[in-house]
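This report concerns only the one structure given below.
The values are calculated or read from the model by the stated rules, or taken from the named source; none is laboratory data. As the structure is a computational prediction, the values presented were derived from the model and not from experiment. Here the Cβ positions follow ideal geometry from the backbone for every residue, glycine too, while neighbour counts run over all protein chains shown.
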Amino acid sequence: MIEVHGLTKRYGEVLAVDDLTFAVRPGEVTGFLGPNGAGKSTTLRMILGLDAATSGAATVGGRPYSAHPAPLKAIGALLDAGAVLPGRTAYHHLLALAAGNGIPRGRVASVLTEVGLESVARRRTGTFSLGMRQRLGIAAALLGDPPALVFDEPLNGLDPEGIVWIRGLMRRMAAEGRAVLMSSHLMSEMELTADHLIVIGRGRLIADTPMETFIDAHSSREVLVRGPQVASLRRILSPAAEVRADRVDSLVVTGMDAAAIGAMAAAAGVELHELTPRQPSLEQAFMDLTRDALEYHAGNTTTNAANATNSAQETSR
């Protein structure tokens, strides 16, 4: 299990992570979500002992990462797929990691096969594509057969086959009883992969809940309405519901169910060709919940420029 207790990180006057407490339990894929600048990467780095916490603690299997004599056997992680020596082959990169953690040489070949890189094992990593480097990073995370795994944006650079593969890998790792923590901005994949969600914004915990509960609690029910008289229908529905155009002949209605929309259309003599409830999505729920926690808002050039300047100034301090 990965446990975070009151984790806080300050960079000068900037509070990057603010009193975070959560747990990543065995047997689940836990999605770690938040807008850009929310503190996700900083939190992951503190879990792995790469950044020192200002206060609070993070433990893996009951003790800090740095206290494990063979860290790769306690937790496997992929934070930066580019963190390899370009002149070293994939095989020798993994062999060096294995030697430093008391892992048998035979495990290197096993994980290369697991991630589909056995045919390029003797190639120098500097010739690898981003997707191949991602696979190599995942192989390194699996090398010690650890009970806990951490992945930061593991889908970067992967083709569709690779995305399906890693989705299956995450699910299988959890089914084997491992604790899996995965950060990604790809909401559709997170929705298909994760069982549980940790959501943060501006360094603070916003949600810690099962996936289905999160979606149900933080998204609006919508109904797609299509027909030749949508302009008339919009005037009828607008006082009672939120209505927006979808295409020329269709509307999306929020705040009213399909039965009520159909009844109002029938009473007004408005012809309908389609009346379809839409299933709420993780993307919609996430956007609704984190709207006030965004550091950067598209569409406001002045605000974005000011935010960028402030961030640059803080970074240089």
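Among the residues of the stretch 174-185, is any more than 21 Å from Ile75 (Cβ to Cβ) and small (Gly, Ala, Ser)?
Within the stretch 174-185, none of the residues are more than 21 Å from Ile75 (Cβ to Cβ) and small (Gly, Ala, Ser).
Look through the stretch 26-50, keep the residues that are part of a loop (DSSP other than H, G, I, E, B) and small (Gly, Ala, Ser), and return whichever of them is nearest to the chain's Cα centre (by Cα). Among residues in the stretch 26-50 that are part of a loop (DSSP other than H, G, I, E, B) and small (Gly, Ala, Ser), the one nearest to the chain's Cα centre (by Cα) is Gly34. When Arg221 is tested against (1) over 16 Å from the mean Cα position of the chain (by Cα); (2) charged (D, E, K, R); (3) at pLDDT 90 or above, exactly one condition is not met: (3). For the stretch 142-160, enumerate the residues that are over 16 Å from the mean Cα position of the chain (by Cα), outside any loop (DSSP other than H, G, I, E, B) and farther than 15 Å from Pro104 by Cα. Within the stretch 142-160, Ala148, Pro160 meet the criteria.
Going through (1) touching a residue at least 40 places away in the same chain (Cβ under 8 Å); (2) surrounded by 18 or more Cβ atoms within 10 Å (Cβ to Cβ); (3) under 19 Å from the mean Cα position of the chain (by Cα) one by one, Glu189 falls short only on (1). Taken as a whole, the stretch 79-96 holds at least one residue that is of a type in the set (Gly, Ala, Ser) and in contact (Cβ under 8 Å) with a residue 60 or more places away in the chain. Of the residues making up the stretch 191-206, just one is of a type in the set (A, V, I, L, M), touching an Asp or Glu at 6+ places or on another chain (Cβ under 9 Å) and within 19 Å of Val164 (Cα to Cα), namely Ala194. In the stretch 288-298, of all residues being within 12 Å of His218 (Cα to Cα) and surrounded by fewer than 16 Cβ atoms within 10 Å (Cβ to Cβ), the one that is modelled with the lowest pLDDT corresponds to Arg291. Does the stretch 78-97 include one or more residues that are part of a strand (DSSP E or B) and out of contact with any strand residue (DSSP E or B) (no Cβ under 7 Å at 6 or more places or on another chain)? Checked the stretch 78-97: no residue is part of a strand (DSSP E or B) and out of contact with any strand residue (DSSP E or B) (no Cβ under 7 Å at 6 or more places or on another chain).
Taken over the stretch 23-41, the criterion of being surrounded by fewer than 21 Cβ atoms within 10 Å (Cβ to Cβ) and either farther than 23 Å from Leu186 by Cα or at pLDDT 95 or above (or both) is satisfied by Ala23, Arg25, Pro26, Gly27, Glu28.
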